[in-house]
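Read the structure below first, then the notes.
The values are calculated or read from the model by the stated rules, or taken from the named source; none is laboratory data. Here the structure is a predicted model, which means the values were calculated and not measured. No Cβ is skipped: glycine too gets one built from the backbone with ideal geometry, and neighbour counts run over all protein chains shown. Just so you know, the surface numbers come from the protein's heavy atoms only, side chains and all, with ligands and any DNA or RNA stripped out. Shrake-Rupley method; radii C 1.70, N 1.55, O 1.52, S 1.80 Å.
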Amino acid sequence: MDIKDIFDPAGEVPPAIPAATLVIFRNCPEGGPPQLLMVQRSKEMRFAGGAAVFPGGRVDDADRELATVHGATDDEHLEELAARIAAVRETLEETGLAVGLHQRPSLEDALRARALLLDSGVLAPVLDEMGWSLDLEGLVPFARWRPKHREVRVFDTRFYLANLGTGAVDLLVDATENTRLFWASASEALRLADEGEIKVIFPTRRNLERLALFSHFDEALAHVEQFP
């Protein structure tokens, strides 16, 4: 197969599925660089099967509907807010972790919200039921990955940063799409990948290499301000 069959730098950008990913920081309990939450995808998944990735997934129409409620002013703003909402929704679904909220839910409330979300698949009624409100400004835009190749499924993925601070949280894996959750510094995740302990896809590796530059979350924020 000629390389132009899958990648043509001068060609038309192919359609892509909007998606969002959340890079969640926590302080390392033993000290040292911050740890990041990663999920290991089931080998049966069509996209990145068996790979260790950050929590996330595709943007749904319901995410866009909720974005209009939160004041989307134009199409680009709508897609940006919808991506942040999708990152919150997917993280709750995949890990049981409630982030991007003005409230600080208890473990019991987070697990109840996750059960409601798994039942309905839509975040808005879960927020209403729990009395929660979104803090979308708390998610920091970090990267955007939109490959220009002609694969069957191309994703336009926005990466966001969030900080848990102490990281004293309990997690629960979504066993339908993922097999385990784990915390690791960016450097540790790269070492595990190099030694064959985990598998990472190219955009995950590139972001891990960038994240490994930061010794704490504030450094990541300063970097984002310098390189939007």
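Could you list, in sequence order, all residues of segment 141-159 that are part of a strand (DSSP E or B), surrounded by fewer than 17 Cβ atoms within 10 Å (Cβ to Cβ) and either at pLDDT below 75 or among the small types (G, A, S) (or both)?
H149
Looking at L127, L171, can you tell me which residue is among the aliphatic types (A, V, I, L, M), assigned to a loop (DSSP other than H, G, I, E, B) and either touching a strand residue (DSSP E or B) at 6+ places or on another chain (Cβ under 9 Å) or at pLDDT below 95 (or both)?
Exactly one residue qualifies, and that residue is L171.
Looking only at segment 20-44, which residues are of a type in the set (K, R) and either modelled with pLDDT of 90 or more or part of a strand (DSSP E or B) (or both)?
R26, R41, listed by residue number.
Determine which member of the set A124, A52, A72, A115 is of a type outside the set (D, E) and under 17 Å from the mean Cα position of the chain (by Cα).
The conditions single out A52.
Listed here are the residues, each with its yes/no results for (1) in contact (Cβ under 8 Å) with a residue 60 or more places away in the chain; (2) touching a helix residue (DSSP H, G or I) at 6+ places or on another chain (Cβ under 8 Å).
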site: E93; (1), (2): yes, yes
site: A98; (1), (2): no, yes
site: H102; (1), (2): no, no
site: P105; (1), (2): no, yes
site: E108; (1), (2): no, no
site: L111; (1), (2): yes, no
site: D119; (1), (2): no, no
site: G138; (1), (2): no, no
site: A143; (1), (2): yes, yes
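Being within 19 Å of the chain's Cα centre (by Cα) and open to solvent by less than 60 Å² (accessible area, probe 1.4 Å) is the filter here; which residues of segment 206-222 pass it?
The answer is N207, L208, R210, L211, A212, F214, F217, A220, L221.
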